[in-house]
C-alpha cells in the first residue's frame, strides 16, 4: 500500500479556500485516491475520490497531477462546521480494496 | 437511506471480560471493515471481510476474532479485555463494483474497559 503523508494540522478562517496536500510517492497503477472527513466521535465520511486530473463534487475538488505522486483536496469557502480531521487514503478501487488510514490533517476553521 | 448500523453504541466491560460488537452493513453491501480508534488517534484497521470470507487482516490482537455471517452482518468478538482496548470501534461497508466504491461508516461503538 502506498504510504501517505499529510500536514498534521492547518488553520483557516471562514470563507477562505483551504487546500490540503497529500504525498503518496509510491502510488500503484491500480490505486485510487480517496479523502474522508471525520468529526470527533463520529465515523469517517467520504468526501471525494479520484484517479487522475481533477474531480469535483458539491463539496470539494480533488487535483491530481500527471505523476499522481501527490493530490490536493480543495475546500471552497470553508465554514466553522468544516473543522474536522481530513484523511487521504490510497488504495485499489472497488469493494475489495484496502482502506488504511494514515495520519490525518486536523483543520481548524476560525471565525 | 439505510446506513451502517452498529450495536451497541456504548459498552462498559471489566478487565478480562468478553465483548461482542455487531455491525449491520448497508443492504447489498458485501464488504465490511472493522477499525479501532483510541482517543486522539487515527483509525487503525483491524480486519475486513468480503462475501463472508476474511479479505484482509490488520493490527487485530489474537484475543479478538471476527466473522461475517450469511446475511452479511459482522461481529467482532473481544476476549480477555484489557484497559487499552478502550476505544471507539467503527465498522464500514462497501458495495459491489469494480471502481470507485465509497465506504460508509457506522456511528461506532464506544467500548470502555474498567
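Residue order for B:18, A:29, B:101, A:34, fewest other beta carbons within 10 angstrom first, comes to A:29, B:18, B:101, A:34. What do you get when you divide the Cα radius of gyration of segment B:16-113 by 2.2 N^0.38 Å, with N the number of residues? Output field value: 1.04. Residue order for B:10, B:29, A:24, B:73, fewest other beta carbons within 10 angstrom first, comes to B:10, B:73, B:29, A:24. Working value for the protein assembly as shown: equivalent-ellipsoid semi-axes of 30, 21, 15 Å, each the square root of 5 times a Cα gyration tensor eigenvalue, largest first. A P(r) calculated from all alpha carbon pairs of chain A, with 10 Å bins opening at zero, reads 15, 50, 29, 5, 0 percent. Note on chain B: with a GNM built from Cα contacts shorter than 10 Å, the maximum mean-square fluctuation among B:68, B:36, B:54 falls on B:54. State the antiparallel share, in %, of DSSP beta bridges confined to the protein assembly as shown, rounding to the nearest 5. Taking every DSSP beta bridge within the protein assembly as shown, about 90 percent pair in antiparallel fashion.
Each reported figure results from applying straightforward, stated rules to the coordinates on display, with no laboratory input. Quick caveat: nothing in here was measured; it's all calculated off a predicted structure. Glycine gets a Cβ as well: all are built from the backbone with ideal geometry, and neighbour counts include every protein chain shown.
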